[in-house]
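Everything below concerns the one structure shown next.
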């Protein structure tokens, strides 16, 4: 969702085609399709700290990270701020799941540092889905694989947290355990003390 803080980048078609063909989302497409996509993509710079889009917005494009890094954030109901869900790094995409599902975007995306992105408008993405069902299958498989990897990482994080909560608190380490009186895992947190003596 372009805004005033984004700066357009121009480039020759061969270099853009090279970028498109290297993206996992398009790696199995024909060179002809990759060339068509390269011509449709708008390339721009996104300064660090700039919001690409907000959770709840309608999806209007697929975005590709060429250089830099984006962060995906969700609202933190407990802290009243934002919680980092993950990173989108060079070679990765964001927005395609919402385009396929037709649902609003489920995370706020912010540039964690100066980044260069590609924006492929919804019209081009929809045309590919309608006219090339085989490519739709490839893209859907990539999305499912990404979801499975994300769920696997979440399970690992939950197991690490459980192990930490079961172990003894480290004396003098500057860490303290905050537990629900019942000892339930979901209410167990670790918080760093700025003053170890407190």
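A few remarks follow.
- Screening residue 34 against (1) touching a strand residue (DSSP E or B) at 6+ places or on another chain (Cβ under 6 Å); (2) modelled with pLDDT under 90 leaves a single unmet condition, (1).
- The set of residues in the stretch 58-84 that are within 15 Å of the chain's Cα centre (by Cα), farther than 18 Å from residue 104 by Cα and assigned to a loop (DSSP other than H, G, I, E, B) contains only 68.
- Selection count where residues are surrounded by fewer than 15 Cβ atoms within 10 Å (Cβ to Cβ) and more than 15 Å from residue 98 (Cβ to Cβ), scope the stretch 124-135: 5
- Residues of the stretch 85-105 that turn out to be surrounded by fewer than 19 Cβ atoms within 10 Å (Cβ to Cβ) and within 10 Å of the chain's Cα centre (by Cα), as a count: 5
- Residues in the stretch 85-101 that are in contact (Cβ under 8 Å) with a residue 24 or more places away in the chain, closer than 16 Å to residue 55 by Cβ and part of a strand (DSSP E or B): 86, 94.
- Considering the conditions (1) farther than 20 Å from residue 46 by Cβ; (2) touching a strand residue (DSSP E or B) at 6+ places or on another chain (Cβ under 8 Å), residue 82 is excluded by exactly one of them, (1).
- Set 45, 55: member being part of a strand (DSSP E or B) and over 28 Å from residue 134 (Cα atoms): 45
The values are calculated or read from the model by the stated rules, or taken from the named source; none is laboratory data. All of these numbers come straight from a predicted model, not from anything done at the bench. For neighbour counting, all protein chains shown are included, and Cβ atoms are generated from backbone atoms with ideal geometry for every residue, glycine included.
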